[in-house]
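Have a look at the structure below before the remarks.
No value in this document is a laboratory result; all are computed from the given coordinates. Nothing here was measured: the structure is a model prediction, and the numbers come from that model. Because the Cβ atoms are built from the backbone with ideal geometry, glycine has one as well, and the counts that use them run over all protein chains shown.
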Amino acid sequence: MTNTEVSLMDSVTIGIIQTTLDARAAWNESSDPKIGIREDNRAWHEIRRAMKALRDQDDQPQIVLLPELALPRTRLDDFQRLVCSMNVLAIVGVDYRLDHTANSAKNEGLVLVPRNIWRKRPSRYASRIWFGKHTAAPAESDGLKKYSPPWSFNGDENVYAFDAGPFGRFGVAICYDFMDIERALLYRGRVHHLIVLAYNRDIKMFESLAVSLSRTVYCNVIVCNTGYYGGSLLVSPFYEAHKRIGYSIDGGSLFSAQSVTLPIQGLDDAIHGRSDPKNYKHLPPGFKVVI
């Protein structure tokens, strides 16, 4: 994903999509935790609507986000074609990867990188980079055990950081992993953005975490949550309080597709101590720059 010949952009436009998938309706099969056909169709209809809405905006996004478990696996190829036609970097939550031999499920996210992403023309192909959730939420783990026979959660032990060239470096977390402070601090001084894909009902807790980690990890924190519960937001460590929340949307069962601006170069200057102290907050104690 790296393009070493270009410098960081001043900012990047990011499309945050909230789909309204109802987990209780989607994963109600008796044999395995695979999204049902009806909810598969409904989810794909919302995703297509959202991508069209973003494509038709004057300020088209360069990065697109979808929440945890939002994209059915049956729609991977179709979604890739949409991403390539818009030539955007996509970071999306995907339905469970099932291992029927072990009765285990893996909760994954996908980074899609169109081949022509640095050029102003649509792509025909894209690279797929998978990352996984490390720890299942208690309700998620209990839900997997209710199947007959019961399923277990297959966690991903890795921590992922991506170099997206002029878009900056970003780390990723899937929902419950956002609460793992030790994992979050591994990104300290290494990323410009921490992207969280979530299916989370405790909105205020995630908002508090986002505000805190934007200061302690010192990066932009973007939470893309399911519209079933709402609560997506963007937080940056600006000096002035009214600038820190760059985007916030609340309200349950709320489908939305919104483009917002993410600062890059100015934040990078602050990370390296080159910024006017009145633009961004001071670096936290013990902060070491790696990027």
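Cα gyration tensor of the range 86-195, axes a ≥ b ≥ c as square roots of the eigenvalues: rounded (a/c below 1.5), prolate (a/b > b/c) or oblate?
oblate
Kindly rank 249-259, 104-114 from highest to lowest mean number of other beta carbons found within 10 Å of each residue. It would help to have the intermediate numbers written out before the result.
Values: 249-259: 15.8, 104-114: 21.9.
Averaged packing, sorted descending, gives the order 104-114, 249-259.
Given 0.36 nm per residue, what is the gain on full extension from R215 to R201 after removing their alpha carbon distance, in nm?
Working: separation 14, 0.36 × 14 = 5.04 nm, distance 2.36 nm.
Taking R215 through R201 to full extension adds about 2.7 nm, to one decimal.
Looking only at D99, D58, D40, which one moves most when the chain is put into a Gaussian network model with springs between Cα atoms under 10 Å?
D58
Can you list the HN-Hα couplings for the range 113-121, worked out from phi with the Karplus curve (6.51, -1.76, 1.60; θ = phi - 60°), rounded to whole Hz and with x for Gly and Pro?
For the range 113-121, the Karplus curve yields 10, x, 4, 9, 4, 8, 10, 8, 8 Hz.
Could I have the simple spin-label model distance between D77 and D142, label points 7 Å from Cα toward Cβ, reported in nm to one decimal?
4.0
Of K243, K278, K133, which is the most mobile in a GNM of the chain whose springs link Cα atoms less than 10 angstrom apart?
Top of the fluctuation ranking is K278.
Using the Cα gyration tensor of the range 1-86, with a ≥ b ≥ c the square roots of its eigenvalues, what is the shape: rounded (a/c below 1.5), prolate (a/b larger than b/c) or oblate (neither)?
On the way: a/c = 2.61, a/b = 2.11, b/c = 1.24.
Because a/c hits 1.5 or more and a/b exceeds b/c, the range 1-86 counts as prolate.
Let a ≥ b ≥ c be the square roots of the eigenvalues of the Cα gyration tensor of the range 217-291; is it rounded (a/c under 1.5), or, if not, prolate (a/b larger than b/c) or oblate? Don't jump to the answer; show the numbers that get you there.
Details: a/c = 2.71, a/b = 2.38, b/c = 1.14.
The shape class here is prolate.
Of the residues Y147, Y280, Y199, which exhibits the maximal mean-square fluctuation in a Gaussian network model of the chain defined by a 10 Å Cα contact cut-off?
Per the Cα network of the chain with a 10 Å cutoff, Y147 tops the list.
Would you tally the net charge around P284, using a Cβ to Cβ cut-off of less than 12 Å, leaving P284 out, and scoring K and R as +1, D and E as -1?
Details: positive: R188, R215, K281, K288; negative: none.
Here the count lands on +4.
If amide hydrogens are placed 1.01 Å from N in the peptide plane, which non-local residues have theirs closer than 5 Å to the one on S104?
For S104, whose amide H was placed from the backbone, the distant partners under 5 Å are D99, S152.
Identify which of the listed values of semi-axes √(5λ) of the Cα gyration tensor in Å was calculated from the structure shown: (i) 45, 27, 16; (ii) 34, 25, 14; (iii) 30, 22, 18.
Evaluating semi-axes √(5λ) of the Cα gyration tensor in Å on these atoms matches (iii).
If I fit a long axis through the Cα atoms of helix 37-55 and take the longest principal axis of the Cα atoms of the chain, what angle between them do I get, 0 to 90°, rounded to 10?
20
How far is helix 203-213 tilted off the main Cα axis of the chain, in degrees rounded to 10, range 0 to 90?
Value to nearest ten degrees: 40.
Using a simple charge model, +1 on the beta-carbon of Lys and Arg, -1 on the beta-carbon of Asp and Glu, nothing else, what dipole does the chain show about its Cα centre, in debye to the nearest 20? Working shown, then result.
Working: 35 positive and 32 negative charges, 99 e Å.
Roughly 480 debye, rounded to the nearest 20.
Compute the length gained on full extension between F255 and D180: take 0.36 nm times their separation in residues and subtract their Cα-Cα distance, giving the result in nm to one decimal. Could the numbers behind the result be given before it?
Values: separation 75, 0.36 × 75 = 27.00 nm, distance 2.82 nm.
Computed gain between F255 and D180 is 24.2 nm.
For the range 11-271, what is the relative contact order in percent, using Cα pairs closer than 8 Å and at least 6 residues apart in sequence? Don't skip to the end; give the middle numbers.
Values: 588 pairs, mean separation 55.6, N = 261.
Relative contact order here is 21 percent.
With the cut-off at 32 Å, tell me which of the pairs K133/K288; K52/K204; K204/K278; K34/K204; K52/K281; K52/K243 have Cα atoms farther apart than that.
On the way: K133/K288 27 Å; K52/K204 30 Å; K204/K278 28 Å; K34/K204 29 Å; K52/K281 37 Å; K52/K243 29 Å.
Violating the 32 Å Cα-Cα cut-off are K52/K281.
Arranged from highest to lowest average of other beta-carbon atoms within 10 Å per residue, in what order do the peptides 8-15, 89-96 appear?
Sorting 8-15, 89-96 by mean packing, highest first, produces 89-96, 8-15.
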